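Here the structure comes first, spelled out in C-alpha cells, and everything after it is commentary.
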Amino acid sequence: MAIALGIIGGTGLYQIPGLKAARRVRVRTPFGDPSDAFLVGRWDGLTLCFLPRHGAGHRLLPSEVNSRANLWGFKKLGVERILSVSAVGSLREDVRPGDVVVPDQLFDRTGGRRQTFFGDGLVGHVALADPMCEDLAAVLYAAATGAGARAHKGGTYLCMEGPAFSTRAESRLYRQWGMDVIGMTALPEAMLAREAELCYATLALVTDYDCWHQVEADVSVSAVLEILRRNTDLAQRIVGLVAGKLDGPRTCSCGEALQGALVTDPALVPAATRRKLAPILGDRLPAAPKKRGTKSVRRRVAACELRRAGR
C-alpha cells in the first residue's frame, strides 16, 4: 500500500482527526525509538502516515527528538515525501502571528544533534544547497493559499537549539543577518531527509514576534499555544490539500540525492553498517565482494605450492 505523504506534527498538531481506518505502527530502528508509533490511515482515498514529533503528550524536548529514528522509520514504511509542521517565531515585521511560511532555506544554530546516517565505516556527502524539495514546497504554498492562509513563499528558517527562547540580543542579531523565522526542529530533519532521498518541506506556523519587537509582547508558551489552537484547523486543511496533489510519481531530484554521494570503497563498508542503512541506501551501494572460504583459500595455496614444485 503506497503512502502518499508522511507528516511530522509539531507543537499543537498531535493528531490528524480526519484519518480513517488508522492503525498505530511501531517501528524498531537501529538508531533507537522514534518519537512515537506511526499512525497510518486513509484521507480522501489516500494513505497518510503521521508522527507526532514530540511524542504523545509532548514529552520530548527539541534536542531530545530522535530524528534519525523518525526518518529511518518513515523510509522503512515506504514514505517518499515528508511534510513537517513547525511552530516558529517571526523575525520580520510583515510576517505576523497567525501567518504561515513555506521556507526554502535553513540556517543551523543547533549543537550536539546527530545530523547524519553516515559514519561507522561509510562516508557520504549529500548536496544541501537547497534543503527543501522545491516541488513539494510549491504544492505546500499553493495548498496554504488555497486554504485561506496568509502565506509567505520562501525565506530562511533559523533553527536554534532551545529549549529556552532567544535572548533579545540574539533575536536582534538574527534580524540583522536577514533571517525570516526562528524555530527549533527543522534541523537535522531536513539533512536526514535528503540523505534518505526523501522529499521534505516545512509548513512553518508563525506564533509570535520572538522578542525583538518593540510593541508586541515577548514570546511565551501560553501565547504560542493560543495561536496554534486557532491554526489547528487551518493546518489540517492544508495537509489535506497537499495530500490530494501528490497521487503520482516524483519528478524532483530528491530521490537521486545519494547518486555519487558515497565516498567509501564498497569493499570496506562493514556488514553491520550495510544492514543498519539498508532502507536508506537501497541499491546505491554496490554489493560487497564475497569473501572466499578458508577451505577455498587453502586449496589455492596448495595448488600454488604444487606448481612451484613442478608437480
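Among the candidates G121, G148, G155, the residue that is in contact with a Pro (Cβ under 7 Å, 6 or more places away or on another chain) and loosely packed, with under 15 Cβ neighbours inside 10 Å is uniquely G121.
Within segment 46-74, residues that are free of Cβ contacts under 8 Å to residues at least 24 places away in the same chain and on the phi > 0 side of the Ramachandran plot sit with their Cβ atoms under 9 Å from residues that are acidic (D, E) and outside any helix (DSSP H, G or I), at 6+ positions apart or across chains, in these pairs: G55/D36.
For L51, the conditions (1) in contact with a Gly (Cβ under 6 Å, 6 or more places away or on another chain); (2) under 20 Å from L203 (Cα atoms) are fulfilled apart from (1). Go through the residues of segment 234-251 one by one and say whether even a single one is in a helix (DSSP H, G or I), within 22 Å of T145 (Cα to Cα) and of a type in the set (S, T, N, Q). Within segment 234-251 (the criterion being in a helix (DSSP H, G or I), within 22 Å of T145 (Cα to Cα) and of a type in the set (S, T, N, Q)), the answer is yes, since at least one residue qualifies. For first residues located in segment 1-26 and closer than 16 Å to L140 by Cα, partners that are in a strand (DSSP E or B) and at pLDDT below 80 and lie 6+ apart or on another chain with Cβ distances below 6 Å do not occur. Just one of (1) closer than 27 Å to G282 by Cβ; (2) out of contact with any Lys or Arg (no Cβ under 6 Å at 6 or more places or on another chain) trips up R68, so point out which. Condition not satisfied by R68: (2). Here the strands (runs of 3 or more DSSP E) wholly within segment 33-117 that include at least 1 residues being under 27 Å from R172 (Cα atoms) are 81-90, 100-102, 105-109. For segment 213-230, the count of residues that are assigned to a loop (DSSP other than H, G, I, E, B), touching a residue at least 24 places away in the same chain (Cβ under 8 Å), crowded, with 17+ Cβ neighbours inside 10 Å and touching a helix residue (DSSP H, G or I) at 6+ places or on another chain (Cβ under 8 Å) is zero.
The values are calculated or read from the model by the stated rules, or taken from the named source; none is laboratory data. As the structure is a computational prediction, the values presented were derived from the model and not from experiment. Quick reminder, even Gly has a Cβ in these numbers, built from the backbone with ideal geometry, and neighbours come from all protein chains shown.
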